[in-house]
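S.K.: Please see the structure below; I have some questions.
Each value in this text was obtained by applying a stated rule to the coordinates, not by laboratory testing. Computed from a prediction, not measured in an experiment: that's the story for all the values here. Here the Cβ is made from the backbone with ideal geometry for all residues, glycine too, and neighbour counts use every protein chain on show.
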Amino acid sequence: MAPEKHFIDTSVMRPLISSSSAVKQYYQRELSNSLYYCSYIKMEFMRGFIIPAIDFYFTLKMPNIINISDALSLWSQKFQSRELKAVLSMFAGLLYSRHYDYNELKDKEKASQQVADYIRRIMAIVTHKFTDVGLETSLCAKSNSRINFNSADLDRTFRDFLNAYRSKSHDDCNLHLFLERNNSKINEISDRQDEKVKDSNSAGFKEIVKALRSESDISCKHCSKIGDAIIALISPERMRLEHTDYSFDYLMMILGKNHKRHPSEIVLNRE
Amino acid sequence: MSTTSTSDLDSESVGNTRGDAKIIPINQKPESSDLSYSLDQTSYSGHTATAKKLESAESFKDEDLTFLYIPKSHYEEKRRSDIALRVIRTQFSKDLICDLQWLAENHEDADSNSMPYISNLLLLLKEYFDNYFHDPFSSFLSALYDGLIHDSTYLSLTKNSYQRILDYIETLNNQDLDYKKIDKYISKLDDLGINVTPY
């Protein structure tokens, strides 16, 4: 029997790429090597993980940040979202392993180089581990942004990437076409939400339905709110969607598609 | 087991180790014969000395410089630094291979005999990526370092895995490197079960 094919949601993609061996071993037991994603998930991964990682790189480069300790403190005090905390934890681990002096200006430069190299390495592993299913490739132009790494000019490397990523305008966005094409399924999600939602883990799902029903203009912000619904709709019938978010339990149930919710990274590390 | 450090490499020995070649300390102005040797033999320290001499070339008369022609173009400078880096990379690779060779032949999990070789290996890796970041090779060594130290993977690796790492370093050392090639070999480390993105 052919091994099951796994369609990897952004919430599983990050721990599969960058996490402790305990987490990776769990996924090795759970998943075969047939791991797939699509350009929309790649875009979400860049938006939620790579862009904040680049933000951390530039935090380290700030002239008023005189050492590694300053950068880590600023990040931990000011940025509280789940994604930003994940970035902090990742780079704290990386820099700790280098035994740099957190209070020395000279080690700040080395630290920023190592952070840049780690970002590049993550992108390399993404391409190596996952196969693009080639679905909805024109949905978001941002998914085609690439980092052209130049070790002699790291600032420029990342500035060029950010400029290219952020310059993709609404003209390149085809979300409205995608929503039109999937209108009947979206209506089904919206109509059947009450009959499916019975427990207390439905807050995220309800927010998605609310955003789907709203008359908001198409924007990156709107897109990020309904991201799980978009991924549920793209998820191929012949694959199992792998995720950690409760919202997919409802979305995939309504759409009648195969899926599995995995424990969060915190739970896996605790176990 | 080799213990060459970068300070050794920088100061005098790189590229000047053969036969009757004269060693030119980096901070000493070369004689004209030293200069011609360095151009012929692409010596690292010789190049630096040549560059120092050229810096003061303004005060020379044209006829003083007729015995050599060195274009001061960016390309030429880059070529020279590439050669210097290659020499350093080769020396480091030899030292890494020396430790890996021992581990590929003798390493056993839960055997402390490997520790001196593992320790030296990790020190060399860190020394290289801390000091030669601009070389793409450093990216590979940095990934290897992270993979080895995470969860003490250096203990659980098999002899065969150490042999594969040795092969990768040997192969990479003999190539012109770009990040595409490096990424391919980082992926090979991942395939070996080495967690190159553990944080």
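S.K.: Could you work out how far the C-alpha centroid of the range B:130-146 sits from that of the range A:21-69, in angstrom?
M.R.: 20
S.K.: In chain A, which helices (entire DSSP H runs) extend 30 Å or more along their own long axis, judged by Cα positions, while averaging at least -1.0 on the Kyte-Doolittle scale?
M.R.: Flagged H segments are A:105-129.
S.K.: Mind running the shape call on chain A? Use the C-alpha gyration tensor, a ≥ b ≥ c as the square roots of the eigenvalues: rounded below 1.5 for a/c, prolate if a/b tops b/c, oblate otherwise. Spell out each step's value before the answer.
M.R.: Working: a/c = 1.86, a/b = 1.59, b/c = 1.17.
The shape class here is prolate.
S.K.: I've got another one for you. Would you tell me the mean number of C-beta atoms belonging to other protein chains that fall within 10 Å of each C-beta in A:140-152, as a whole number? Can you show the working numbers first?
M.R.: On the way: counts 0, 0, 0, 0, 0, 0, 0, 1, 1, 7, 2, 8, 3.
Counting other chains' Cβ atoms within 10 Å and averaging over A:140-152 gives 2.
S.K.: Now for a different question. Principal axis lengths of the range B:103-199 from Cα atoms, whole Å, largest first?
M.R.: The Cα atoms of the range B:103-199 stretch 37, 28, 25 Å along the principal axes, largest first.
S.K.: Let me ask something additional. Take peptide B:180-188, look around each residue's Cβ out to 10 angstrom, count Cβ atoms belonging to other protein chains, and average those counts.
M.R.: Details: counts 2, 0, 4, 8, 2, 0, 5, 5, 1.
So the per-residue partner count for this stretch is 3.
S.K.: Mind putting a number on the dipole of the range A:1-140 about its Cα centre? Charges go on the C-beta only, +1 for Lys and Arg and -1 for Asp and Glu, and I need it in Debye to the nearest 20.
M.R.: Working: 17 positive and 14 negative charges, 28 e Å.
Once rounded to the nearest 20, the dipole reads 140 debye.
S.K.: Given a 10 angstrom Cα cut-off, can you work out which residue in A:44, A:237, A:195 is the most mobile in a GNM of chain A?
M.R.: Result for chain A, Cα springs under 10 Å: A:195 fluctuates most.
S.K.: Averaged across A:15-22, how many Cβ atoms of other chains sit within 10 Å of each residue's Cβ atom? All intermediate terms of the calculation are to be shown ahead of the outcome.
M.R.: On the way: counts 0, 1, 1, 5, 4, 5, 8, 1.
Counting Cβ atoms of other protein chains within 10 Å of each residue's Cβ and averaging gives 3.
S.K.: In the range A:28-173, if every C-alpha pair distance is counted and binned at 10 Å from zero, what percent goes to each bin?
M.R.: Bin by bin from 0 Å, the calculated values are 10, 36, 34, 16, 3.
S.K.: Separate question: Show me A:244-256, B:151-163 ranked by packing, highest mean number of other Cβ atoms within 10 Å first. All intermediate terms of the calculation are to be shown ahead of the outcome.
M.R.: Numbers: A:244-256: 20.2, B:151-163: 16.4.
By packing density, highest mean first, the sequence is A:244-256, B:151-163.
S.K.: If you count, for each residue, the other Cβ atoms within 10 Å and average over each peptide, how do B:123-131, A:10-18 line up from highest to lowest? Please report the intermediate quantities before stating the final value.
M.R.: Values: B:123-131: 19.9, A:10-18: 23.0.
Output ranking for B:123-131, A:10-18: A:10-18, B:123-131.
S.K.: Could you tell me the distance between the Cα centroids of the range A:1-16 and the range B:148-191, to the nearest Å?
M.R.: Comparing the Cα centres of the range A:1-16 and the range B:148-191, I get a distance of 25 Å.
S.K.: Taking a 22 Å limit on the Cα-Cα distance, which of the listed pairs A:24/B:180; B:159/B:181; A:110/B:126; A:61/B:180; A:61/A:85; A:61/A:221 fall beyond it?
M.R.: On the way: A:24/B:180 25 Å; B:159/B:181 25 Å; A:110/B:126 11 Å; A:61/B:180 26 Å; A:61/A:85 19 Å; A:61/A:221 28 Å.
Among A:24/B:180; B:159/B:181; A:110/B:126; A:61/B:180; A:61/A:85; A:61/A:221, the Cα-Cα distance tops 22 Å for A:24/B:180; B:159/B:181; A:61/B:180; A:61/A:221.
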